[in-house]
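Quick notes on the structure that follows.
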Amino acid sequence: MNLSRFLFCILLSSLPAAAAGQLTGFPFQNETLRYAIKWPSGISMGEATISAVQAENNGWRFEMSYTAGVPGFPFADTFRSLATSELCTTELNRSIAHGAKKVTEKTTFDQQRRLAERRTLNPEGGGKSEFDIPACAQDALAYQFLARREMGQGRVPPAEKVFFGGGYDVRFQYTGAMDVTVGGKTETTDHVNVFIKGPASDVTVEVFYARDAARTPVLFKVPVSLGTISLELVRR
């Protein structure tokens, strides 16, 4: 299983928004969501945290941290993204630790020039590269939050080229209401298929969004070679 690809998949409906009195979570306020990551058998393999914090000039700071793995081979990755108020990415930082292998890289997005620079910070001498980006380009974190904002306004998120290291073509398909069980409780959600295609990947991820104003994702289902891994929202 390619963990970086898996993380990208989890990073990334046309129903009315909830009542105005229920405006909690992104984009109405700062937010931290915690997920239990489970093997196809239902056994826990780790946990993930996704957060959004209001930044300067009405922009946003997004972060996802992830700890998981099998005995003797842990994974501990952190991804941080800075975006404008329009959710155009300005910076993406990735810190990846898979067993003894550790990689840190930074991608800076020049939205005016439509150019991005990707630089490897660790190990030293990892090099850098530049690539073209579309107008208001988004990394995987920013796009995931953009999708929630669009859905909360009654729109299906637009198909985009999304960046997470390399570029991926991402498209949403709203399929309708679906009941799911999360944390032992059943609730009606908006079910979406997310089609993700990159240079070496072509996968469909299922995402289940709560019917609240923030369109909180309560469940992700990601296909891998061993079956389907799930991320279930942990409500406290």
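With the helix formula -39500 (n - 2.57) applied to DSSP H stretches of n ≥ 4, the chain reaches a computed 222 nm mean residue ellipticity of -3000 deg cm²/dmol. A simple spin-label model places pseudo-atoms 7 Å from Cα toward Cβ; at K101 and N193 they are separated by 3.2 nm. Extension gain for E56 to E130 (0.36 nm times residue separation, less C-alpha to C-alpha distance): 24.0 nm.
Dipole of the chain, Cα-centred, from +1 at each Lys and Arg C-beta and -1 at each Asp and Glu C-beta, to the nearest 20 debye? About 240 debye. In straight-distance terms, cross-link reach from K185 covers every one of the lysines whose alpha-carbon lies under 19 Å from its own, apart from those fewer than eight places away in the same chain; here that gives K38, K221. Packing, taken as the mean count of other beta carbons within 10 Å per residue, orders the peptides 174-182, 226-234, 89-97 from highest to lowest as 89-97, 226-234, 174-182. Considering the dipole of the chain built from charges on the beta carbon (Lys and Arg +1, Asp and Glu -1) around the Cα centre, which of N57, V222, F131 is farthest to its positive end? Among N57, V222, F131, the one farthest towards the positive end of the dipole of the chain is V222. Taking a straight Cα-Cα cut-off under 28 Å and skipping sequence neighbours fewer than 8 places away in the same chain, the lysines within cross-link reach of K128 are K101, K102, K106, K161, K197.
For E91 and R171 in one chain, what is 0.36 nm times their gap in residues minus the Cα-Cα distance, to one decimal in nm?
Extra length available between E91 and R171 comes to 26.5 nm.
Taken together, the values in this text are just the output of simple stated rules run on the coordinates, not laboratory data. Note that the coordinates shown come from a computational prediction; the quantities given were computed from them, not determined experimentally. Virtual Cβ from ideal backbone geometry, glycine too; neighbours counted across all protein chains shown.
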